[in-house]
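Just so it is clear, none of the values below were taken in a lab; they were calculated from the coordinates. For clarity, every value in this text was computed on a predicted model and none was experimentally measured. Cβ: placed from backbone, ideal geometry, glycine included. Neighbour counts: every protein chain shown.
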Number of protein chains: 2
Amino acid sequence: MTKTLQRPLAALLSIGDELVLGEKLDTNSKWLADRLGTLGLLVTEHRTVPDNLEKIANSIVQLAGMAGVVIVGGGLGPTADDLTRQGLARALVLTTGEPQPLVEDADAVRAIRARFERAGRTMPETNLVQALRPANALSLPNPHGTAPGMLARVDVAGRLRLIACLPGPPREMRPMFEDAIEPAIRSLPGVARSELRVVQVFGLGESELASRIADLMHRENNPAVGTTASSGMVTCRVRVEPTLPVRGPYDATEPTQAVEEALASIGRVAKGYVASRENTTLAATLLDEAVAAGLTIATAESCTGGLVGQLLTAEPGSSRAYAGGWVTYSNAMKERELGVPNADLEAHGAVSSEVARAMAVGAADRAGADVALSITGIAGPDGGTSEKPVGTVWIGCVKKGQPPVARCFRFGGDRAAVRLWSANTALFIGLQAIRGQSGVPLLWERP
Amino acid sequence: MTKTLQRPLAALLSIGDELVLGEKLDTNSKWLADRLGTLGLLVTEHRTVPDNLEKIANSIVQLAGMAGVVIVGGGLGPTADDLTRQGLARALVLTTGEPQPLVEDADAVRAIRARFERAGRTMPETNLVQALRPANALSLPNPHGTAPGMLARVDVAGRLRLIACLPGPPREMRPMFEDAIEPAIRSLPGVARSELRVVQVFGLGESELASRIADLMHRENNPAVGTTASSGMVTCRVRVEPTLPVRGPYDATEPTQAVEEALASIGRVAKGYVASRENTTLAATLLDEAVAAGLTIATAESCTGGLVGQLLTAEPGSSRAYAGGWVTYSNAMKERELGVPNADLEAHGAVSSEVARAMAVGAADRAGADVALSITGIAGPDGGTSEKPVGTVWIGCVKKGQPPVARCFRFGGDRAAVRLWSANTALFIGLQAIRGQSGVPLLWERP
């Protein structure tokens, strides 16, 4: 871990009963950590504590003891349970030993009054509490809400600490971070951007991939390689500290060369399974490659019920390649809308190679699309048989000028998991079709 | 805060570079905090730390110092950066002063081997590391993945502490929490379930609802009423501490009576906007009420691209009422598959009252469904005009025997937000149709 100690550390503190009690999902910490990383800081801890003065103050003190930059979110509203102002003041007393009275910031008062006037409302006097700040902290303007932020620079045992308090709502927090906190961080000594590159691998499994790149994954390496898996997709992250010497199984001497070598190694051992060399979604990759190849896509979904279409259309500009699709949940709709032969449904059942192929062919024909993907399976919890247990899914694919194919999978997990693995696998099969790699079997494919 | 101090405390620790660096959003903490609250515990802190042995061990020790139940998530994979097993062992050494060697759990080894065998694969030897546990901890079976959990009971300064380590993927973590951790928590001394009841309100807005039930929402009340909002749905939670006296604007003296009064009050002020009196999804409520009324549903989606179908089919047993749908992303598909008149597309554009109505009628006809919902709008980021800015969405609905209707909305936020608000609003409009309440306007409806 010596290498990471050379990057300035940052820590995050989220404040709010609603967060700590699980009534609301904290999305700010992820956003902030990501941004701080890009700025060259290493985030070392997130904490979430309730609206409790003692816990807020103690957490700020502890986090400032381990990290040079502490970003505090929430607790800046006008009500009695908004305690971040007092919490920061007490933390500053504890770290500096000096008194830190709360003072009313004149600019903040003017800004809050002006905001209410613009809205044609009278400012409740209770809102004045939002203009308070510790005497030695700066007040940060909030163009998107009534809660100003606060920024304090303190000396903890001879080391400069930056403590910033930002409002909780993302649309207020994010601009304030960009306008006031980013410049303050850039001016800190020792801040240098670290570099992150990504390879996404689908269909190979995390353990299998990790065993193939074990020599790259030693924790002391620079660049460091880590993996995370999510519904079939394994994301390999290659992170380099440009200020450190190369360490690991690399011929290169320069960090950037070593990154390229690591990326190339992963590409070699995962040949046929690389979904993307960027941090993106399978849907976005499929759409991009379809557009580049001048191909359009249609979908025919049974057990996923629109999930593949939803993932594709979640991407802006998806209409460049996605024509549309069908949710043929009932057998009647499979027959009537996609022309699946009743004989196939009768003889083989809806979850079969024949029906998956016919659904794909029907969707391609009716949508006039170049590529069509189909899914028919048993997502559970009910509907399984000994022959076709829950998790059995057939995925069909047809590409113009080629015979249709259908491939069988057996996914584990609950209904949501079976559906998401099915949708991701279908998207990757679409990629394989466009790339001419349909012969590469996925790890979880049934022969 | 006096009442809450009487409840046993819990703390959460999430482990993973990808979480602390902001590469992945942590949704487990919210889920766990919510569940722990229902079990009668008060969650007092969440922490997220990187894959770092020292930080993992120290955090477990610190959290076990403040809370009787510590739930640790993640870091149980087979790779070198999965350090929760070692972290727990070191934390146990630090708290008990006794050696805690890692031992291979025989049952866990068998379960992992069997899992690979069932999948027809050979277990990589690296996976054996997942069967390790500290000598004094229990191994928890994981039916949904290769990572067993761990459960340790330790004595910290004379107080019993429960430390549970669960896998990171939600579909593995959640069942393990329910199967192994909930019973262990219930058996702890001093744990009394607080009772939680819920009313879901759609289409009224959180501020408006909160102002109508302000007297119920004082923080000192018992039962306490809180609201959270998510994409148009406001969930009112009525939480009672059965061991405390009733406090608030209630005639009742018994906590359970007071809960009923609070629920009835909310129902009165939100008349016409109550989606459900359970904590469920709009899709589940719509399906349940459709089944009860003997009605079937079809969907025709443009800008949501399958999201409504996906939400409906995410519910087990959705085939009882959902026939299927169309993702008519292109105008050509709207015409050809749903029979939308070309003249309407030309004269009014795809995002119009006329097209929304025609889509709904076409979907109902072709699917042979009793109710059809349609969505056509501009989700952004591009495609907006001054007349129809991004966020403009028409939602159509037809119910057998009634003329089709279309309603216009203007949603804020990014593409994902517009799509989710659109889908939720369509589901609620479906509910209104089934309930015969289509005349009740939603707060964000355009006249």
Angle in degrees between helix A:282-293 and the longest Cα principal axis of chain A, rounded to the nearest 10: 60
Under the Debye formula (equal points on every Cα, no solvent term), log10 I(q)/I(0) of region B:195-276 at q = 0.15, 0.17, 0.20 Å⁻¹: -0.46, -0.59, -0.80
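Can you give me the relative contact order of region A:195-276 as a percent, contacts being Cα pairs under 8 Å and 6 or more apart?
It comes to 38 percent, rounded to a whole number.
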5 angstrom amide H check on B:Gly168, placed H, neighbours 5+ away: B:Gly74, B:Gly75, B:Leu76
Using alpha-carbon coordinates, inclination of helix A:28-38 to the longest axis of chain A, degrees: 90
Theoretical FRET efficiency, 1/(1+(r/R0)^6), r = Cβ-Cβ of B:Asn279 and A:Arg186, R0 51 Å, to 0.05: 0.65
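Relative contact order (percent) for chain B, with alpha-carbon contacts under 8 angstrom and 6 or more residues of separation?
Relative contact order of chain B: 10 percent.
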Chain A: calculated mean residue ellipticity at 222 nm from DSSP helix runs of at least 4, using -39500 (n - 2.57): -11000 deg cm²/dmol
Chain lengthening between B:Asp251 and B:Glu125 when straightened (0.36 nm per residue, less Cα-Cα): 38.8 nm
Averaged over A:205-213, number of beta-carbon atoms from partner chains that fall within 10 Å: 4
About the Cα centre, charge dipole magnitude for region A:293-447 (Lys/Arg +1, Asp/Glu -1 at Cβ), debye: 340
For region A:156-202, average projected area of the Cα convex hull in nm²: 6.1
Highest-fluctuation residue, A:Val225, A:Val351, A:Val103 considered, GNM on chain A with Cα pairs under 10 Å: A:Val103
Shape box of the protein assembly as shown [Cα atoms, principal axes, largest first, Å]: 80, 68, 53
Positive-end residue, chain A charge dipole about Cα centroid, Cβ charges, pick of A:Leu196, A:Val43, A:Ser352: A:Leu196
Copies compared at A:Lys271 - label distances in nm, ascending, label defined 7 Å from Cα in the Cβ direction: 7.3
Ranked by how many other beta carbons lie within 10 Å on average, peptides B:325-335, B:76-86, A:204-214, A:305-315 from highest: A:305-315, B:325-335, B:76-86, A:204-214
Fraction of beta bridges assigned by DSSP in chain B that are antiparallel (%, nearest 5): 65
Estimated distance in nm for a label pair at B:Val156 and B:Ala214, the labels positioned 7 Å out from Cα along Cα-to-Cβ: 4.2
B:Trp444, A:Trp421, A:Trp444 arranged by Cβ crowding within 10 Å, fewest neighbours leading: B:Trp444, A:Trp444, A:Trp421
Candidates B:Gly145, B:Gly396, B:Gly232, ranked by Gaussian network fluctuation over chain B, Cα under 10 Å, top entry: B:Gly145
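To the nearest 20 debye, what charge dipole does region A:2-186 have about its Cα centre, counting +1 at the Cβ of each Lys and Arg and -1 at the Cβ of each Asp and Glu?
In debye, rounded to 20, region A:2-186 gives about 520.
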Shortest-first distances to equivalent copies, position B:Arg320, nm, label 7 Å out along Cβ: 4.4
Nearest-first distances (nm) between copies at A:Asp34, label 7 Å from Cα via Cβ: 2.2
Listed residues B:Leu287, B:Tyr273, B:Thr385: farthest to the positive end of the dipole of region B:232-391 (Cβ charges): B:Tyr273
Relative packing of peptides B:59-72, B:380-393 - highest average C-beta neighbours within 10 Å first: B:59-72, B:380-393
Assigned charges on the beta-carbon of Lys, Arg, Asp, Glu; region A:195-276 dipole about Cα centre (debye): 220
Violating pairs (Cα-Cα greater than 26 angstrom) within the set A:Lys30/B:Lys55; A:Lys55/B:Lys30; A:Lys271/A:Lys399; A:Lys400/B:Lys388: A:Lys400/B:Lys388
Region A:374-447 versus region B:367-399: alpha-carbon centroid distance in Å: 31
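What percent does the relative contact order of region B:283-446 come to when contacts are Cα pairs within less than 8 Å and at least six residues apart?
For region B:283-446, the relative contact order is 23 percent.
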In sequence order, calculated HN-Hα J values of region B:384-398 (Karplus, 6.51, -1.76, 1.60; Hz; x Gly/Pro): x, 10, 5, 7, 10, x, 3, x, 6, 9, 9, 10, x, 8, 9
Principal-axis tilt of helix B:255-269 within chain B, Cα atoms, nearest 10 degrees: 30
Residue mean of other protein chain beta carbons inside 10 Å, A:46-57: 4
